[in-house]
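The values are calculated or read from the model by the stated rules, or taken from the named source; none is laboratory data. Note that the structure is a prediction, hence the values are computed from the model and not measured. Cβ: placed from backbone, ideal geometry, glycine included. Neighbour counts: every protein chain shown.
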Amino acid sequence: MRTHLLSPVFLVACLPMLARTVASVRAAGGLRPSHARWGPASVPPRVAGRCRLPAGGFLPITPGRPLADRFVRRVSTAAGGPPPISFQDAAAYERMTGAWSRLVGRDFLDWLAPARGLRWLDVGCGNGVFTGLIADRCAPASVEGIDPEPAQLDYARRRPDSRDARFRVGDAMALPCLPASVDVAAMALVLFYLPDPARGVAQMVRVVAPGGIVCAYNWDLARGGSPLAVLGRAMRRAGVETPTAPSAWAAAEEAVRRLWTDAGLEDVQTRRITVRREFESFEALWEVLQLGASTAPVLRGLSFGKREEIKGYVREQVGLGNGDDGPVTCEASAIAVKGRVKRS
Ligand SMILES: C[S@@+](CC[C@H](N)C(=O)[O-])C[C@H]1O[C@@H](n2cnc3c(N)ncnc32)[C@H](O)[C@@H]1O
């Protein structure tokens with residue numbers, strides 16, 4: 001006998017299967033946002049606390065439950081949600097986040113104070129801005145940059161400051177490197193994009209030789225330290241949603257300290273790095289802000305009027321009245337972490 005797909009017999013037969021599916025989705029903490037290309041935004045069991053919201057107040061972070069329920073879920077349920085964070089435009093990246101990363105990267109390398117002649121791995125090197133700093137300032141024996149985005153790597157290969165570096169397509173979750181093959185593994189502004197930051201740290205530990213360094217810096221997202229925070233606040237005030245990094249929790253100082261310690265690293269230290277960038281005018285700041293990898297696709301999809309509204313809110317935040325212009329100084333903060341691989 002053939003059963004028609006819409007027949008009552010068939011529908012009743014499907015009920016147990018439907019119930020099991022709903023139960024397993026619930027157990028997994030709900031549906032994953034459609035845009036979360038890098039995986040679920042969940043908090044690992046041992047990280048809890050609270051996260052300051054840019055708009056004021058605190059968002060509690062509950063162990064084992066999805067982070068930023070209010071933001072991530074809002075995004076997932078909206079029609080389509082914002083587009084995924086994409087790092088394909090390397091030139092735009094250079095002008096916005098790259099310039100900021102260079103500022104943080106300089107202070108970070110001063111803090112690391114590495115010996116000369118080391119073998120470096122830059123994980124999630126993007127367009128090579130931090131790789132270039134390593135090549136320029138650390139007199140390395142070798143530098144290799146790894147990133148999943150071929151367009152960024154093309155740009156990196158053309159940088160004059162990273163001419164001695166090698167670049168390869170690769171994933172931080174499964175580094176294409178031999179065990180103990182480098183002396184320093186670094187992640188600049190990458191950890192909070194990984195689906196499983198603990199695995200990313202474990203991969204760096206695997207490829208670093210005993211006595212070597214595993215290090216990273218991340219925007220202090222919980223305290224609005226990202227250079228895009230000012231734009232994010234303005235967009236939310238205008239009722240526009242912005243994508244959230246899938247593992248934003250991993251950027252916090254307490255989280256990196258725990259990740260590094262749990263990975264078996266020794267001499268774990270953290271520090272905050274605050275940098276300032278001067279823009280010759282508000283228009284110059286606005287032009288650069290519109291290039292942010294997470295927010296650019298959202299802004300492009302808005303009407304002229306909505307973009308003007310957001311621009312006005314940004315102007316307000318930097319303390320300029322309507323029509324005022326003049327130099328603007330902006331600030332960003334990162335949390336840096338370093339630890340040493342055990343010798344035995
Ligand atoms: C904010 S950018 C940082 C780029 C560069 N490190 C810097 O300091 O400017 C984040 C980078 O992480 C990369 N990325 C995202 N997921 C990754 C993964 N699973 N493995 C390695 N890199 C990843 C992106 O392609 C992007 O280039």
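For first residues located in the range 112-141 and charged (D, E, K, R), partners that are at pLDDT below 95 and within 16 Å of the ligand (Cβ to nearest atom) and lie 6+ apart or on another chain with Cβ distances below 7 Å form the pairs D136/D161.
None of P246, P195 is touching a Leu at 6+ places or on another chain (Cβ under 8 Å), within 16 Å of the ligand (Cβ to nearest atom) and touching a residue at least 60 places away in the same chain (Cβ under 8 Å) except P246.
When A234, A238, A202 are checked against the criterion of being out of contact with any Pro (no Cβ under 7 Å at 6 or more places or on another chain) and under 28 Å from G264 (Cα atoms), a single residue qualifies: A202. Please verify whether the range 146-157 includes one or more residues that are under 24 Å from V341 (Cα atoms), within 12 Å of the ligand (Cβ to nearest atom) and not in a helix (DSSP H, G or I). Yes, because at least one residue in the range 146-157 is under 24 Å from V341 (Cα atoms), within 12 Å of the ligand (Cβ to nearest atom) and not in a helix (DSSP H, G or I). Pairs are defined by a Cβ separation below 8 Å, a sequence spacing of at least 6 or placement on different chains, a first member in the range 85-96 that is touching a residue at least 40 places away in the same chain (Cβ under 8 Å) and within 13 Å of Y155 (Cα to Cα), and a second member that is of a type in the set (D, E) and assigned to a helix (DSSP H, G or I); the pairs so defined are A90/D154. Taking the criterion of being over 20 Å from I85 (Cβ atoms) and either more than 11 Å from the ligand (Cβ to nearest atom) or in a loop (DSSP other than H, G, I, E, B) (or both), the residues of the range 178-192 that qualify are L178, P179, A180, S181, V182, D183, V184, A185. The set of residues in the range 284-298 that are in contact (Cβ under 8 Å) with a residue 60 or more places away in the chain and either assigned to a helix (DSSP H, G or I) or surrounded by fewer than 18 Cβ atoms within 10 Å (Cβ to Cβ) (or both) comprises V288, L289, A296, P297, V298. Within the range 97-125, being within 7 Å of the ligand (Cβ to nearest atom) and closer than 23 Å to W286 by Cα holds for T97, G98, S101. Just to be sure, is L175 touching an Asp or Glu at 6+ places or on another chain (Cβ under 6 Å), more than 8 Å from the ligand (Cβ to nearest atom) and of a type in the set (A, V, I, L, M)? No; evaluated as a whole, the condition is false for this residue.
Condition check for T97 on (1) surrounded by 19 or more Cβ atoms within 10 Å (Cβ to Cβ); (2) assigned to a loop (DSSP other than H, G, I, E, B): one failure, at (2). Restrict the check to the range 102-114 and report whether at least one residue is at pLDDT 95 or above, surrounded by 20 or more Cβ atoms within 10 Å (Cβ to Cβ) and more than 18 Å from R271 (Cβ to Cβ). No, the range 102-114 contains no residue that is at pLDDT 95 or above, surrounded by 20 or more Cβ atoms within 10 Å (Cβ to Cβ) and more than 18 Å from R271 (Cβ to Cβ). Hey, does the range 272-281 have a residue that's in contact with an Asp or Glu (Cβ under 7 Å, 6 or more places away or on another chain) and assigned to a loop (DSSP other than H, G, I, E, B)? Looking for residues that are in contact with an Asp or Glu (Cβ under 7 Å, 6 or more places away or on another chain) and assigned to a loop (DSSP other than H, G, I, E, B), one finds at least one in the range 272-281, hence yes.
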